[in-house]
Amino acid sequence: MLRILVVEDEKAIANLIKMNLSAEGYFCSVAYDGKRAADLIEENTYDLILLDIMLPEIDGYELLAYIRPTNTPVIFITAKGSVEDRIKGLRLGADDYIVKPFQIGELLARVEAILRRTGKMTTEYEIFDVVVNTESRTVKKNGEFIELTVKEFDLLVELIRNKNVALYREHLYEKVWNEPFMGETRTIDSHIQRIRKKLDWDEHIKTVFRVGYRLEV
């Protein structure tokens, strides 16, 4: 699971970003000031850092200088929207620059683009004897193509990206079907059963009682 650090002193914004990133399958941590962020960066490895500029304790520019030797990509998220501010941020080494207020969809797209560009987000997964390619949307088992429906494929990718994590049926439904979960479990369950049968993964996709499913690797 890809790890993202959000450094933002406005708690409402930070928590909104964390909620949406987590819903996309990222492991997300939050720091509300620069000192805490520096401690987390020292203790952990992140695939991407979303960094505000105007922060208590240590500002974003100083933190960026601290981050650069780790080669971790950084997206500045800030209210400082002038051309001069953008140029300064990018010249200091930020990979992208988003000005507040922003649409959460744009943020998610920028995150995905940076992770893809830096090689963090893989397009191919190999689990057991199955290879899944998210660009060509193909599935091969022992070198032979397996036909999955659109929803079966999306459901499989979600399980793979969150392997060894128990995923709620509600999360799976809303992520794959893009509509609110109304409590009807048969749709999810029937799709899981078909994936298990097509891939012969009865032993790998576990049912988690009163929760949902987990791909056990």
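The values are calculated or read from the model by the stated rules, or taken from the named source; none is laboratory data. Nothing here was measured: the structure is a model prediction, and the numbers come from that model. Cβ coordinates were reconstructed from backbone atoms using ideal geometry, including for glycine residues, and neighbour counts include every protein chain displayed.
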Residues located in segment 14-32, provided they are out of contact with any Pro (no Cβ under 9 Å at 6 or more places or on another chain) and not small (Gly, Ala, Ser): Asn15, Leu16, Ile17, Lys18, Met19, Asn20, Leu21, Glu24, Tyr26, Phe27, Cys28, Val30
Among the candidates Thr122, Thr134, Thr70, residue that is at pLDDT below 90 and crowded, with 16+ Cβ neighbours inside 10 Å: Thr134
Failed item in (1) touching a strand residue (DSSP E or B) at 6+ places or on another chain (Cβ under 7 Å); (2) at pLDDT below 90, with Leu199 passing the rest: (2)
Identity of the residue in segment 73-98, among the acidic types (Asp, Glu) and crowded, with 16+ Cβ neighbours inside 10 Å, that ends up modelled with the lowest pLDDT: Asp85
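If you check Ile4 against the conditions, is it over 24 Å from Lys163 (Cβ atoms) and in contact (Cβ under 8 Å) with a residue 24 or more places away in the chain?
No.
Can you find a residue in segment 147-166 that is charged (D, E, K, R), in contact with a Gly (Cβ under 6 Å, 6 or more places away or on another chain) and closer than 22 Å to Phe27 by Cβ?
Yes, there is a match, as at least one residue in segment 147-166 is charged (D, E, K, R), in contact with a Gly (Cβ under 6 Å, 6 or more places away or on another chain) and closer than 22 Å to Phe27 by Cβ.
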Complete set of residues in segment 137-150 that are of a type outside the set (Phe, Trp, Tyr) and exposed (fewer than 15 other Cβ atoms within 10 Å of the Cβ): Arg137, Lys140, Asn142, Gly143, Glu144, Glu147, Thr149, Val150
Residues of segment 43-83 satisfying the condition of being touching a residue at least 24 places away in the same chain (Cβ under 8 Å), farther than 24 Å from Ala12 by Cα and in a helix (DSSP H, G or I): Ala65, Tyr66, Ile67, Arg68, Thr70
First in segment 91-110 and free of Cβ contacts under 8 Å to residues at least 12 places away in the same chain, second anywhere and loosely packed, with under 12 Cβ neighbours inside 10 Å and of a type in the set (Asp, Glu), Cβ under 9 Å, 6 or more apart: none
Given (1) modelled with pLDDT under 95; (2) touching a strand residue (DSSP E or B) at 6+ places or on another chain (Cβ under 6 Å), number of the condition Pro180 does not satisfy: (2)
Some residue of segment 166-173 being at pLDDT 90 or above, in contact with a Phe, Trp or Tyr (Cβ under 6 Å, 6 or more places away or on another chain), assigned to a helix (DSSP H, G or I) and surrounded by 13 or more Cβ atoms within 10 Å (Cβ to Cβ): yes
Residue, nearest to Glu112 (Cα to Cα), within segment 13-27, restricted to residues that are crowded, with 18+ Cβ neighbours inside 10 Å and of a type in the set (A, V, I, L, M): Leu21
Listing of strands (runs of 3 or more DSSP E) fully contained in segment 84-157 that carry 2 or more residues being farther than 25 Å from Leu50 by Cβ: 124-127, 130-133, 138-141
